[in-house]
Amino acid sequence: MHRKIIVTSALLLQWALPLAAQTPEPAGAKTVFTSKDAIWFGAFAAGAAALSTLDPHITHWFQDSVRQYNKSMSRLASSFTKVHETTLTLAGLATYGIGRLSHSETVADIGWHATESIFAASVSSQIIRGPLGRSRPQVTHFDDQYDFKPFAGFGNFDYRAFPSIHAASAFAAATAVVLETNHRKPQANWIVAPVAYGIALLPSYSRLYLGQHWASDILMGGFMGTFAGMKVVNYSHDHADNPIDRFFLGRNRGLSMSGNAGGFSLSWAATF
């Protein structure tokens with residue numbers, strides 16, 4: 001594919017992989033967030049601001065008729081724009097359910113933590129999008145990346161561009177899978193990580209191609225997702241007895257599932 005897509009993909013992978021592979025917080029740490037998190041957030045916010053100077057140039061490249069009439073590019077974009085927070089959340093819950101019904105702790109653990117990561121990334125991104133009110137590229141005919149209407153994002157889809165929730169949810173899922181692999185079989189991550197993040201890039205590509213997001217929206221969304229996945233998985237494994245995991249993943253207490261040919265049942269048990 002064209003050099004610009006390759007460069008963009010490489011840059012996203014360059015920052016996503018080291019961030020996702022960060023050393024977990026020391027076991028027993030009581031807080032989810034640390035002072036370093038503010039530095040990470042500030043660094044990527046500054047990076048998104050810097051990238052925004054190139055937003056129209058990148059968007060016009062995708063909107064060029066040569067690429068818009070390219071059937072392969074169009075089909076790819078149309079397919080992966082359907083991969084968003086709702087579909088990924090349902091996939092995560094389905095994986096979790098399969099794990100519980102089959103009594104596979106690994107599958108249930110991965111499915112649940114991926115779901116948590118997607119939810120955290122989506123909600124935190126929405127909290128930013130509503131007040132910021134950045135317009136989507138189509139609103140200004142792909143020419144004004146600095147068109148903002150504060151708080152318009154709460155009621156108007158056209159003003160919910162920054163950050164991209166497609167990117168946030170996809171990178172949250174990818175990061176959860178990568179870190180869960182790292183907890184269990186780190187030697188497999190040389191295969192799992194490139195595949196997971198490569199797939200995560202495709203919904204972002206679709207949003208750029210369809211003119212729904214600026215490149216800087218994608219960059220910040222990718223960071224939000226990676227950050228959410230890192231926090232959820234690392235904290236959960238450092239605090240295995242946390243209330244949420246205890247309820248949804250507890251072996252002898254919390255939510256339980258069982259199934260047979262006639263259906264399945266849910267039950268809940270607690271210890272006092």
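Rule-based calculations on the coordinates, nothing more; no lab input. Bear in mind that the values here come from a model prediction, so they are computed numbers and not experimental data. Because the Cβ atoms are built from the backbone with ideal geometry, glycine has one as well, and the counts that use them run over all protein chains shown.
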From phi via Karplus (6.51, -1.76, 1.60), per-residue ³J(HN,Hα) for segment 72-80 in Hz, x at Gly/Pro: 5, 5, 5, 5, 4, 5, 5, 6, 8
If Trp190, Trp61, Trp214 are placed from fewest to most neighbouring beta carbons inside 10 Å, the sequence is Trp190, Trp61, Trp214
What full-extension length gain, to one decimal in nm, is calculated for Thr53 and Asp158 as 0.36 nm per residue of separation minus the Cα-Cα distance? 35.7 nm
Give the residue list of chymotrypsin sites (Phe, Trp or Tyr not before Pro) in segment 62-127 that are DSSP loop and have at most 14 other beta-carbon atoms within 10 angstrom. Tyr69
Candidate aspartates and glutamates - alpha carbon under 15 Å from Lys149, same-chain residues fewer than 8 apart omitted: Asp158
Between His60 and Ile199, what FRET efficiency follows from the Cβ-Cβ distance if R0 is 30 Å, with the result rounded to 0.05? 0.70
Can you list the aspartates and glutamates whose alpha carbon is less than 14 Å from that of Lys36, not counting same-chain residues fewer than 8 positions off? Glu25
Please report, for the Cα atoms of segment 102-189, the Rg to one decimal and the Dmax as a whole number; what are they, in angstrom? 17.4, 53
If r is the Cβ-Cβ distance from Phe33 to Asp143 and R0 is 45 Å, what FRET efficiency results, to the nearest 0.05? 0.75
